[in-house]
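Read the structure below first, then the notes.
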């Protein structure tokens, strides 16, 4: 699957470039080649940028492991994980790592979520009987990451505020609903494929999660709208700092050599970042060719024309570039979201739907490349299409909710 997908980006790009060239566009070849250079450079910059974060969180995670915090967290969620990830033994470090990664995603802590996610994927790889093929547990974890619930989309609030939105946080509830539907779709789909039963324990944990989320939403609705963004940012940063302090304090309490353990963990983080470079170069260059040739623009135009011919309301079509870009590039989707807001207005229907789209899912191809690349997995099985299904549900939900709330 991955071989055909990767090769397809280049071949489609070449075919579209030939059509444009013979149509009179003599700059298309230069644009594509320049894109390959730019994306190769960007791949290295991303990996270099991850070095410090991976070193920091790998070091802190090692302290937490030595202090026994990860095993405590694993025991709390062992009944749930023993059912949805039956190949992971009870009390294994992978359970705690997966939990911490998902929690960081929920709080919008991108700087912590990626290093913790890579640590979780490595822990799951230690249990993988076939090193180059994604295990069931790894696929479930990856799909949950590509669709992860984001309780605090602080950066989206910030961009809307900078562009002069009347109420920067009015997209909060639609984002939370869209990303929740996306995550639920991913979890249910993978459980059905893997024939995991929905017993009372699984349903109980899901019901508890839904109750906690409902209480969280209710609490936020009690806050003044003008304060929501500030409270979200304060809560996220406060939780992050508390986690760091807790790790170190627990390590000292358990008489762990916290400095030495941190350094050893940081070394592992550095090595992990370097391993990512070839995988990032391969995928980001392919995506760059697909973008630079104009194939994405043609696809957007085709979708708009089909919807118009069917008589479907097209008020959201101007936001579709964000939906089509999100699976490929988070930074590209963010740039397109800002472009939609600038062009059509931050409080326009398209501008608001673009914001909801940006917060509804993660970047599937990037997550797949980084998380599977770090452990050398090349046979991804159904992970890609399951992740893209979550993307599709998230984007359709974003459109429907946008039309419902703001249409």
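The residue that is nearest to residue 329 (Cα to Cα), counting only those in region 387-396 that are touching a helix residue (DSSP H, G or I) at 6+ places or on another chain (Cβ under 8 Å) and surrounded by fewer than 23 Cβ atoms within 10 Å (Cβ to Cβ), is 388. Give region 83-104 a look and list any residue that's at negative phi and not in a helix (DSSP H, G or I), or say none. Selection gives 85, 86, 87, 88, 89, 90, 92.
With respect to (1) within 16 Å of residue 83 (Cβ to Cβ); (2) in a helix (DSSP H, G or I), the lone exception for residue 198 is condition (2). Would a scan of region 106-117 turn up a residue that is buried (at least 24 other Cβ atoms within 10 Å of the Cβ), closer than 28 Å to residue 199 by Cβ, more than 13 Å from the chain's Cα centre (by Cα) and modelled with pLDDT of 85 or more? Checking region 106-117: not a single residue is buried (at least 24 other Cβ atoms within 10 Å of the Cβ), closer than 28 Å to residue 199 by Cβ, more than 13 Å from the chain's Cα centre (by Cα) and modelled with pLDDT of 85 or more. With respect to (1) free of Cβ contacts under 8 Å to residues at least 40 places away in the same chain; (2) in contact with a helix residue (DSSP H, G or I) (Cβ under 7 Å, 6 or more places away or on another chain), the lone exception for residue 331 is condition (2).
Every residue, every condition in (1) in contact with a strand residue (DSSP E or B) (Cβ under 7 Å, 6 or more places away or on another chain); (2) crowded, with 24+ Cβ neighbours inside 10 Å; (3) assigned to a loop (DSSP other than H, G, I, E, B), yes or no:
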site: 120; (1), (2), (3): no, yes, no
site: 124; (1), (2), (3): no, yes, no
site: 127; (1), (2), (3): no, no, yes
site: 143; (1), (2), (3): no, yes, no
site: 158; (1), (2), (3): no, no, no
site: 167; (1), (2), (3): no, no, yes
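Evaluating residue 376 against the criteria (1) crowded, with 23+ Cβ neighbours inside 10 Å; (2) under 21 Å from residue 280 (Cβ atoms); (3) modelled with pLDDT of 85 or more leaves one unmet condition, (1). Does residue 184 satisfy being more than 17 Å from residue 340 (Cβ to Cβ), within 16 Å of the chain's Cα centre (by Cα) and without any contact (Cβ under 8 Å) to a residue 60 or more places away in the chain? Here the answer is yes, as residue 184 does meet what is asked.
The residue list 269, 288, 308, 351 contains one member that is surrounded by fewer than 20 Cβ atoms within 10 Å (Cβ to Cβ) and either in contact (Cβ under 8 Å) with a residue 40 or more places away in the chain or on the phi < 0 side of the Ramachandran plot (or both), which is 308. Using the structure shown, decide if residue 279 is in a helix (DSSP H, G or I), under 27 Å from residue 400 (Cβ atoms) and modelled with pLDDT of 80 or more. It is false that residue 279 is in a helix (DSSP H, G or I), under 27 Å from residue 400 (Cβ atoms) and modelled with pLDDT of 80 or more. Counting only helices (runs of 4 or more DSSP H) that fall entirely inside region 291-407 and contain at least 2 residues that are more than 22 Å from residue 144 (Cβ to Cβ) and over 16 Å from the mean Cα position of the chain (by Cα), the qualifying elements are 295-309, 320-325, 330-344, 349-360, 383-406. Working only within region 35-75, note down all residues that are part of a helix (DSSP H, G or I), surrounded by fewer than 16 Cβ atoms within 10 Å (Cβ to Cβ) and in contact (Cβ under 8 Å) with a residue 40 or more places away in the chain. Within region 35-75, 38, 44, 48 meet the criteria. Kindly establish whether residue 32 is surrounded by fewer than 22 Cβ atoms within 10 Å (Cβ to Cβ) and in a helix (DSSP H, G or I). It is false that residue 32 is surrounded by fewer than 22 Cβ atoms within 10 Å (Cβ to Cβ) and in a helix (DSSP H, G or I).
The values are calculated or read from the model by the stated rules, or taken from the named source; none is laboratory data. Note that the coordinates shown come from a computational prediction; the quantities given were computed from them, not determined experimentally. Reconstructed Cβ throughout: ideal geometry from the backbone, glycine too, with neighbour counts over all protein chains shown.
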